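Taking it in order: structure first as structure tokens, then the write-up.
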Protein chains: 2
Amino acid sequence: MNRSTNPEAIEVGVVGLGLMGSSIVVSLLMAGHKVKAVAPISADMQQVRGRILGHLEECREARLLDEHPYPYEKNLAITEDYNTLVNCVLVFECVIEDLRIKAAVYNKIAVVVQSDAVIASNTSAIAITTLQSLVPNPERFLGIHWAEPAYATRFMEITCGDKTCMSYAEWVFELAHRWGKEPTLLRKDIRGFITNRLMYAVYREIMHLVEAGRISMEDADKAFRYDAGSWMTFMGVFRRMDYCGLADWATILKNILPTLSNESRVPHVMQQMVDDNARGTQNLKGLYPYSSEEAKEWEEAFAVFNKEIFRLAALYPSSRKEPVKQSA
Amino acid sequence: MNRSTNPEAIEVGVVGLGLMGSSIVVSLLMAGHKVKAVAPISADMQQVRGRILGHLEECREARLLDEHPYPYEKNLAITEDYNTLVNCVLVFECVIEDLRIKAAVYNKIAVVVQSDAVIASNTSAIAITTLQSLVPNPERFLGIHWAEPAYATRFMEITCGDKTCMSYAEWVFELAHRWGKEPTLLRKDIRGFITNRLMYAVYREIMHLVEAGRISMEDADKAFRYDAGSWMTFMGVFRRMDYCGLADWATILKNILPTLSNESRVPHVMQQMVDDNARGTQNLKGLYPYSSEEAKEWEEAFAVFNKEIFRLAALYPSSRKEPVKQSA
């Protein structure tokens, strides 16, 4: 495909300006794109500009941006009018995980944009193949899954549905490097994508041990923070195996795999949380107890941590340099 | 129990002075202990002092130590003579994962130490209850599982066997905080302890996806480095759930759990690695390709990263402040 991968030459749209949508706008502005930001909910219009400028200012303070936010800000238009998307070659949908609402949004985007524009969903819950059936041009539809905060994480999963044309996915893959991402490209939809799926394997085992009274949640968190957390950002799981020498792993896998949980029902503790309308730090009801000060402390501390780990991750060998492709 | 938890008042022993044993000695010296280091293999005697002093010097350079290594060094005795352990109230066994060798070592320790001394194994492969059957005083035997490098990681799993007396485990738990650890205390032996077990749940799922050609190892490593790696060190898995709000998790668990791998056989790719005598960066044969320069680069970069993440982890709320105990 002969599409530009120079962000300054590419106008993009973002539809849905909640926390995640705003943070995606920031990342795209920082990369140099002109961004048309569309608020499908009028109420969002009020705070969006302030929130986006606030993030840009934070990034400047954290030295993720060299310049004053102003030059970025002038590339941003915020509106409720879908017609401003007319020249956007890539439009990000970031609305809630509701099929009916997404369908309406796709329809409004599709009638405005040019025939070669790509639509991308930030869904983390619905299969891309399912969403694809809602758009008139499914070959130009794909998933682009960001991690929060979008402007200070390197993670990105680009996922094709059954009908996605690979050349569009490959163009987005190239472009994503210009956004400072280390993207993965999933040629076929997997339920839960990669990262969710792997973490759910952990949750299954951990909940099993917690329910059996073998470990506490606090212990599990410590084990992750101080063991896995001491190498995860640096090398991931397979390179870790290489680093430790491989032979022991096969022996231990042989012993441990047959003892792992194969549970398929929702763990009791999670069902209880849902029944209690627990929303964690958001409503001070969660797996751990929180005062409102504590919830605020966690949020503020995480904002700082995130920028530090982002910088730390960047110091180490980029996976782009690595030649291995084990499978396609 | 009325035992001191002031490292300066406690003499400890370390038996087995390979890479891990040496690194444990460094951590104990830094905490202020007098350390008797016993080399069961004469060949180890040659390099041990240099290696330990090298680590101390590195720690000083990385500002994990304020002072010159000298005051620490004078608390260290290195010997082949088990009789020097006579006044040690805690002896760490760090020899290879071989039952026969461990039994011989325990016997040599037990005949020398006082009747109230505790013996701790750094095993990550053998059940504590099994090892416990090899010592004359099983109630004073437990597992203390360190992560490498022992002096620059906060991870520690303290594990009881069936016969371990809890008061000794609790004393070690308190003491471990003086070593700069964030220990977990497992009251009952679990095969694979906590951290290994949880990571093996990941390996099972990931290998399944790789073998099915759905993802590449490189993609899996990216997903971990840039997604899980962006919060793991900060909050662990359960607090992460609280932070993100909990309700979505129950829905996604319900959808994904039944689709996860329940495989119990060793994945083909791991068996292949063992058959090929692949030892990763150690012999330049692994899941990824390595030149000897690359293997060296990974090792050096990891040594730097490890000190940085150690410092970063310490900036954030200590789990000691958290009051929750979900289970015992």
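List of remarks:
- When +1 charges are put on Lys and Arg Cβ atoms and -1 charges on Asp and Glu Cβ atoms, the dipole computed for region B:197-317 relative to its Cα centre reaches about 480 debye.
- The distance linking region A:48-123 with region A:152-205 is 19 Å (Cα centroid to Cα centroid, whole angstrom).
- Rounded to the nearest 20 debye, the dipole magnitude of the protein assembly as shown is 660 debye, with +1 charges on Lys and Arg beta carbons, -1 on Asp and Glu beta carbons, and the Cα centre as origin.
- Taking label positions 7 Å along the Cα-Cβ direction at both residue A:212 and residue A:46, the computed distance is 5.2 nm, reported to one decimal.
- Each helix, a run of at least 4 DSSP H residues, gives -39500 (n - 2.57); summed and divided by the residues of chain B, these come to -14000 deg cm²/dmol at 222 nm.
- Between helix A:232-244 and chain A there is an angle of about 50 degrees, using the helix long axis and the longest principal axis of the Cα atoms.
- When the charge dipole of the protein assembly as shown is built from unit charges on Cβ atoms (+1 for Lys and Arg, -1 for Asp and Glu) and taken about the Cα centre, the candidate among B:69, A:226, B:151 whose Cα reaches farthest toward its positive end is A:226.
- Sites residue B:139 and residue A:187 - FRET efficiency at Förster radius 56 Å, r taken between beta-carbons, to 0.05: 0.45
- Database remark: amide H of residue B:285 closer than 5 angstrom to the amide H of B:279, B:280 (H placed geometrically; neighbours at sequence offset of 5 or more, or on other chains; Pro and chain starts carry no H).
- Taking one quarter of the surface of the C-alpha convex hull of region B:1-97 gives a mean projected area of 6.7 nm².
- Label-point spacing for residue A:46 across the identical copies (point 7 Å from Cα in the Cβ direction), in nm and ascending order: 7.6.
- Other copies of residue B:251: label-to-label distances in nm, shortest first, labels 7 Å along the beta-carbon direction: 4.6
- The chymotrypsin sites (Phe, Trp or Tyr not before Pro) of region A:125-203 include none that DSSP puts in a loop with a beta carbon having at most 10 other beta carbons within 10 Å.
- Here the 3J(HN,Hα) profile of region A:92-100, calculated from phi with Karplus coefficients 6.51, -1.76 and 1.60 at θ = phi - 60°, is 9, 9, 10, 9, 5, 7, 9, 4, 5 Hz, Gly and Pro shown as x.
- Helix B:195-211 vs. chain B, principal-axis angle (Cα, 0 to 90°, nearest 10): 30 degrees
- Each eigenvalue of the Cα gyration tensor of chain B, multiplied by 5 and square-rooted, gives one semi-axis; in descending order these are 34, 24, 22 Å.
- Amide H partners (placed H, <5 Å) of residue B:37, local residues excluded: B:14, B:77, B:78, B:79
- At 7 Å out from Cα toward Cβ: residue B:4 inter-copy label distances (nm, ascending): 7.3
- Cα-derived Rg over Rh, computed across region A:187-279 with Rh taken as Kirkwood radius: 1.00
- Between the Cα long axis of helix A:217-226 and the first principal axis of chain A there is an angle of about 70°, rounded to the nearest 10.
- Simple spin-label estimate for residue A:174 and residue A:67 in nanometres, 7 Å along Cα-Cβ: 2.5 nm
- Taking the charge dipole of the protein assembly as shown about its Cα centre, with +1 at Lys and Arg Cβ atoms and -1 at Asp and Glu Cβ atoms, the residue from A:122, B:271, A:142 reaching farthest to the positive side is B:271.
- Counting only residues at least eight positions apart within a chain, or on another chain, the lysines with an alpha carbon under 23 Å from that of residue B:108 are B:34, B:36, B:163.
- For region A:33-42, 3J(HN,Hα) computed residue by residue from phi via the Karplus equation (6.51, -1.76, 1.60; θ = phi - 60°) reads 5, 7, 10, 9, 9, 10, 9, x, 10, 3 Hz, glycine and proline entered as x.
- Taken one residue at a time, the phi angles of region A:6-19 give Karplus couplings (6.51, -1.76, 1.60, θ = phi - 60°) of 9, x, 5, 9, 10, 8, 10, x, 10, 10, x, 10, x, 4 Hz. Gly and Pro are set to x.
- A simple spin-label model places pseudo-atoms 7 Å from Cα toward Cβ; at residue B:277 and residue B:251 they are separated by 5.5 nm.
None of the figures in this text is laboratory data; all of them are computed from the coordinates on show. Here the structure is a predicted model, which means the values were calculated and not measured. Note that each Cβ is placed from the backbone with ideal geometry, even for glycine, and that neighbours are counted across all protein chains shown.
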